[in-house]
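Input: a single structure, listed below in structure tokens.
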Amino acid sequence: MFEQATDVMTRGTKQHKNIPPRKGNKMILADKIINERKKNGWSQEELAEMLDVSRQSVSKWESAQSVPDLQKILKMAEIFGVSTDYLLKDEIEPDTQTGSLTVDAEPASILRRVTMEEANDFISARKKVLPKVALGVFLCVTSPVILIFMAGLSYSGILKISESAAVAIGLIALFAQIGIAVFLFITHGGKLGKFNYLTEDVFETEYGVDGMAKNKLAEYEPMNTRALTAGVLMCILGCVPLVVTSVLGFSPFVIICMVCLLLLLIGCAVYLFIAVCGVASSYKALLQTDGFTPDEKIKNRKLDNLSRIYWLLITVIYLALSFTTQRWDLTWIIWAVSGVLFALIRVVAASFIRTDD
């Protein structure tokens, strides 16, 4: 038994270094741990707790980056209800019909297996597309800025222009920005559609994918942290000038300028969240961690209809109020309030969703 375990450890180390293709349909130890864990419906965290190890250890075993010691193999055999020979010998696989052990049987798995090529294509596409999508979102967020600024100039008398003309110029700029944003969403956002299964469905990864994603995420994490920190600070500190000018009784035009500044800062923050932090989320999607765990994906699918109905309703309310009152310089606030309210509604709705159905 000890010699078998040593042999498995040696093979696991070689596979991690060279990542050779599997021969035929044989399953190795890492495959079997994944197969048995998912067959029992356990997460990596749950299996780690049973074995008294960290989740990272289980993740490394399943990605063939390391091999469990003999005691852990014995304990896994007991937990899974299989023999140690089944775990240790590559040529022995479970029969999908009877559950008995057979040789070179096709492994039972309904999960899609993501290859290294697919993972690299996904990351490359996200790096190219996300900045363009982020630009589109920036244009949407900042679309009322010119309208608000022009209305402020007209109202304050700084620019000798009628209020109707100011609003007309602002609306032209607003619809132009939204039009460009929609163009960016359609032409570039669709390029990520073929990778939806990586962010929406549960899957398995081939050898080397988890290790690659972890290494790239570790390298990218400092940039992600800087972008996240800068974005949060922009959102928080952007409110300060607006609050200060309002409290100290500055002129309406100054306050309007601070509103425009706030929108620009929020737009920049959102750009960073999507263009920079979105790349980090690509690696997390491959690792199925944070917001991409199987449970979170199930919740997101169930919340899709709620999201569509909510934002369709908000759009109707925004357009109805804007065209009725002609106060486009004020009705934009609906989007800010709706965004905060949606986050609250989503959290509450998610708490009632069961993922074990």
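Every number here is computed from the coordinates shown, using simple stated rules; none is lab data. The model shown is predicted, which means the values in this text are computed figures rather than measured ones. Because the Cβ atoms are built from the backbone with ideal geometry, glycine has one as well, and the counts that use them run over all protein chains shown.
Looking at the square roots a ≥ b ≥ c of the eigenvalues of the Cα gyration tensor of region 130-276, which shape do they give, rounded for a/c under 1.5, prolate if a/b is larger than b/c, or oblate? Here region 130-276 falls in the oblate category. Over the C-alpha trace of region 195-264, radius of gyration and Dmax come out as 21.2, 63 angstrom. Basic side chains Lys and Arg get +1 at the Cβ, acidic Asp and Glu get -1 at the Cβ, and with that the dipole of region 157-257 about its Cα centre reaches some 500 debye.
Other residues lying with their Cβ under 13 Å from the Cβ of TYR283 contribute a combined charge of +1, Lys and Arg counting +1, Asp and Glu -1.
Using the number of other C-beta atoms within 10 angstrom as an exposure proxy, rank GLU200, GLU221 with the fewest first. Don't skip to the end; give the middle numbers.
Numbers: GLU200 15, GLU221 12.
Ascending number of Cβ neighbours within 10 Å: GLU221, GLU200.
With a cut-off of 10 Å between beta carbons, the residues surrounding TRP42 carry a summed charge of -1, where Lys and Arg count +1 and Asp and Glu -1.
Given +1 on the Cβ of Lys and Arg, -1 on the Cβ of Asp and Glu, and no further charges, what dipole in debye does region 293-357 carry about its Cα centre, rounded to the nearest 20? Let's see the in-between values first.
Values: 8 positive and 6 negative charges, 14 e Å.
With Lys and Arg at +1 and Asp and Glu at -1, about 60 debye.
Using C-alpha pairs below 8 Å separated by at least 6 residues, the relative contact order for region 22-84 is 28 percent.
Viscosity 1.002 mPa s, temperature 20 °C: give me the Stokes-Einstein translational D for region 293-357 in µm²/s, with Rh taken as the Kirkwood radius over C-alpha pairs. Spell out each step's value before the answer.
Working: Rh = 13.4 Å.
Stokes-Einstein gives a translational diffusion coefficient of 160 µm²/s.
Cross-link check: pairs LYS89/LYS127; LYS191/LYS284; LYS32/LYS128; LYS127/LYS297 evaluated at a Cα-Cα cut-off of 29 Å; pairs beyond the cut-off: LYS89/LYS127; LYS32/LYS128. Multiplying the residue separation of LEU303 and ALA125 by 0.36 nm and subtracting their alpha-carbon distance yields 61.5 nm. For ARG301, ARG55, ARG126, the sequence from fewest to most other C-beta atoms within 10 Å is ARG301, ARG55, ARG126. Rounded, prolate or oblate: which one fits region 208-309, using the alpha carbon gyration tensor with axes a ≥ b ≥ c (rounded when a/c is under 1.5, else prolate when a/b beats b/c, else oblate)? Note, shape of region 208-309 comes out oblate.
Using only alpha-carbon positions, what ratio does the radius of gyration of region 142-227 give when scaled by 2.2 N^0.38 Å?
1.91
Arranged from fewest to most other beta-carbon atoms within 10 Å of their beta carbon, THR205, THR324 become THR324, THR205.
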